[in-house]
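Structure first, commentary second.
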């Protein structure tokens, strides 16, 4: 049986459309967090890509190719941005990077115009896809994503895309699109089968990842209907801290942010049951609320991280506050029945070192908490402006941990 280009494009479009519609529908039903919404955006871009390519294979002009190439870049870019948001990293410059990549892919085709042929601008698109997929691989190998084995499959998907698109670009430049070897391995038809396999794998992996985060929201978003918990969501926390820092900067008051992460929470829930996982989350939250100063601001990321913002003139004072907090959390977790004491990472960042930017302080505290968690016990690490890899001697262990 010989497959023609139009049939293969229709087949690819059908697979991407079905997977994308199911994925986006689940996102709407779940009211998913930001990483899930980014990944849904990737599947929407994938649907647009396949529709544009079907129009092209049916005789559409260069505009269909340009739209398809730009949407293809957006699909890979939003997978990468979703990984960044899952890790809690800032995405502002990532949006700009993906937008620039889309513009490059579109303009490369538009510049060639009707005379560019079916392969107009393809090398530029391959180059952008290789870069974005490589950035995605790098993102899956760090932060929260690096702590779950499920992410390996997503890293493999992005790695295969990076290698395959780079190989397509090289083969196109060296052999040309009419070469038999290129037609066998890198033309549209074989690439479509690779795309189908990667789309299905990516959908499964990201669904597992966001389902795990949804489960953690069930443990950590325990605010009562009357707001008795008093722990802010991430957007609320960032907005409040931004306002506090603006006023503190005017008066020269020192401010610190403490980030506490319990990345073992999903594994405790799986090993000991959801109820035990919920008890661990509640114990940690209650310990934080009881220990910090009454006017301190507390927030969470909806998953496994709690933040505390309070006055702290320097790193020494902030370390003292964080150590007191770590001790209280350790004692609370040790009292939870039928559970093990999880690894707790605590990082501290102060305005004296990072300035009065809420984003910089929270990001620095988060990064320090990730390094703290790797020590294997409950310890406190102070973030440094240069973000060096801190030796274990810089960690303050908690007595009894």
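With the condition kept exactly as written, say whether any residue in region 60-71 is more than 22 Å from residue 209 (Cα to Cα) and not in a helix (DSSP H, G or I). The answer is yes; a qualifying residue exists. For residues in region 166-192 being touching a residue at least 40 places away in the same chain (Cβ under 8 Å) and in a helix (DSSP H, G or I), which is farthest from residue 12 (Cα to Cα)? If we take residues in region 166-192 being touching a residue at least 40 places away in the same chain (Cβ under 8 Å) and in a helix (DSSP H, G or I), then 173 is farthest from residue 12 (Cα to Cα). Return yes or no: is residue 78 closer than 30 Å to residue 300 by Cβ, modelled with pLDDT of 90 or more, in a helix (DSSP H, G or I) and touching a helix residue (DSSP H, G or I) at 6+ places or on another chain (Cβ under 9 Å)? Considered against the rule, which asks whether it is closer than 30 Å to residue 300 by Cβ, modelled with pLDDT of 90 or more, in a helix (DSSP H, G or I) and touching a helix residue (DSSP H, G or I) at 6+ places or on another chain (Cβ under 9 Å), residue 78 comes out as yes.
Scanning region 14-40 for residues that are at pLDDT 80 or above and surrounded by fewer than 21 Cβ atoms within 10 Å (Cβ to Cβ) yields 14, 15, 17, 18, 19, 21, 22, 24, 25, 37.
Of the residues making up region 123-151, those that are at pLDDT below 90 and either assigned to a helix (DSSP H, G or I) or not assigned by TED's automatic domain parsing to the domain that holds residue 39 (or both) are 143, 144, 145, 146, 147, 150, 151. If you check residue 120 against the conditions, is it in the same structural domain as residue 173 (by TED's automatic domain parsing) and in a helix (DSSP H, G or I)? Against the criterion (in the same structural domain as residue 173 (by TED's automatic domain parsing) and in a helix (DSSP H, G or I)), residue 120 does not qualify. Taking each residue of region 238-252 that is assigned by TED's automatic domain parsing to the domain that holds residue 311 and looking for partners that are in a helix (DSSP H, G or I) and surrounded by 15 or more Cβ atoms within 10 Å (Cβ to Cβ) with beta-carbon atoms closer than 6 Å, six or more apart or interchain, yields 238/358; 241/358; 242/358; 245/358.
Residues considered: 108, 112. Of these, the only one that is assigned by TED's automatic domain parsing to the domain that holds residue 154, assigned to a helix (DSSP H, G or I) and under 24 Å from residue 134 (Cβ atoms) is 108. Only residues that are surrounded by 14 or more Cβ atoms within 10 Å (Cβ to Cβ), more than 32 Å from the chain's Cα centre (by Cα) and within 25 Å of residue 135 (Cβ to Cβ) were counted in region 163-184, giving 2.
Conditions (1) more than 22 Å from the chain's Cα centre (by Cα); (2) touching a residue at least 60 places away in the same chain (Cβ under 8 Å), marked per residue:
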residue: 39; (1), (2): no, yes
residue: 58; (1), (2): yes, no
residue: 63; (1), (2): yes, no
residue: 72; (1), (2): no, no
residue: 76; (1), (2): no, yes
residue: 79; (1), (2): no, yes
residue: 87; (1), (2): no, no
residue: 90; (1), (2): no, yes
residue: 112; (1), (2): yes, no
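Specify the residue that is surrounded by the fewest Cβ atoms within 10 Å (Cβ to Cβ); the eligible residues are those in region 285-310 that are assigned to a strand (DSSP E or B) and in contact (Cβ under 8 Å) with a residue 60 or more places away in the chain.
298
Looking across region 293-342, the residues that are out of contact with any strand residue (DSSP E or B) (no Cβ under 7 Å at 6 or more places or on another chain) and over 30 Å from residue 271 (Cα atoms) come down to 294, 295, 313, 316, 317, 320.
The values are calculated or read from the model by the stated rules, or taken from the named source; none is laboratory data. Just so it is clear, the structure is predicted and the values come from calculations on it, not from any experiment. For neighbour counting, all protein chains shown are included, and Cβ atoms are generated from backbone atoms with ideal geometry for every residue, glycine included.
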